[in-house]
Amino acid sequence: MAQRRMFSKTIVSSDLFLDMPKSTQALYFHLNMNADDDGFIGSSKMIMRMIGASDDDMRLLLAKKFVFEFDSGVVVVKDWRIHNQIRKDRHKQTIYTDEFQQLQAVENNSYERLPVGCQEVALGKVRLGKVSLGKSRLDKDNEEPKNIVVDDESQTIANPFSFYETNGFGMLTPFYQEKIGLWIDDFKLIGSTEDEAKFILIKAMEVSLMNNVRKWVYVESILKNWEQKKLSTVEMIDADELSNKASNQSNKQYKKNSVRTETLPEWAKDEYEAPPVKNELPKISDEEFLREMSAYDE
């Protein structure tokens, strides 16, 4: 097997590649360095642990189709034959023959997955560059939705990175990739698993879309509210929303039924009659009157 690996500037200097986080770019380079002479890697998990890459880095490479992953867990670099042209006398055939038969080479010499039903055609039996594109490429209408990734157990896992980009929130720049990654970490700190945290981010963006708002600031305000309430799963969020709706309906019913009553004072009633005013002067005797007058004259 050849010991040197090359990289095409056409691929690694493209905006699509450079927009990814540095950790994702590093994973791509390490996968290439550890691939066999046909671009296959059977130890991608070990490489990720070795360099400290996360599952998000691999999912981003898969979402942007820099690599393909098979049911067996084997990974292949899509543009391997653009990067490397190994002499025939040094080339060693891959041991992953089953996976190799699920690929075809297109005009620019990169790999493409064969559609189901055509995977019995092996690249080793067809001359590269001679495979027809018209009948073998997947119909775009039948492609997997961009916001999910299917794992080996055929479970759907939400991908907030591609959901952000494909639902009108804007270009997925490194800044927003880092933001999404940090929110995933924050929810993991309050008890979410990595997959649960990703579903929560998708849920927040869905709420934003339902309110006809496509701004990340709005999404973050939703996430902050859930984080403060320690809602670590989508089920907890749904239960909280139902509780809030029930509480709001109860408050509305209480305000409707509760009428404030006050007791009017007696003087405010229509039948109230004021007591008569007494203007009579106090009665005194003549002697007392003369005495008081004489005291006044003195």
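Taken together, the values in this text are just the output of simple stated rules run on the coordinates, not laboratory data. None of these values were measured; they are calculated from a predicted model. Every residue, glycine among them, receives a Cβ derived from its backbone with ideal geometry; neighbour counts consider all protein chains shown.
Laid out as a table, the results:
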| read-out | value |
| --- | --- |
| The range 193-246: C-alpha gyration tensor shape, a/c 1.5 cut-off, then a/b vs b/c | oblate |
| Separation of the S247 and D186 label points, Cα + 7 Å toward Cβ, nm | 2.1 |
| Rounded to whole Hz, the Karplus (6.51, -1.76, 1.60) HN-Hα couplings of the range 69-85, x for glycine and proline | 10, 9, 4, 6, x, 5, 10, 10, 7, 4, 9, 4, 6, 7, 5, 10, 10 |
| Under 5 Å, built H, 5+ apart or other chain: amide partners of K78 | V67, F68 |
| Listed pairs K65/K215; K45/K230; K64/K88; K179/K229; K78/K215 exceeding 24 Å between Cα atoms | K65/K215; K45/K230; K64/K88; K78/K215 |
| Contour excess over end-to-end distance, with Cα ends at E107 and F29 and 0.36 nm allotted per residue | 25.7 nm |
| Prolate/oblate/rounded label for the range 1-44 (Cα gyration tensor, a/c 1.5) | oblate |
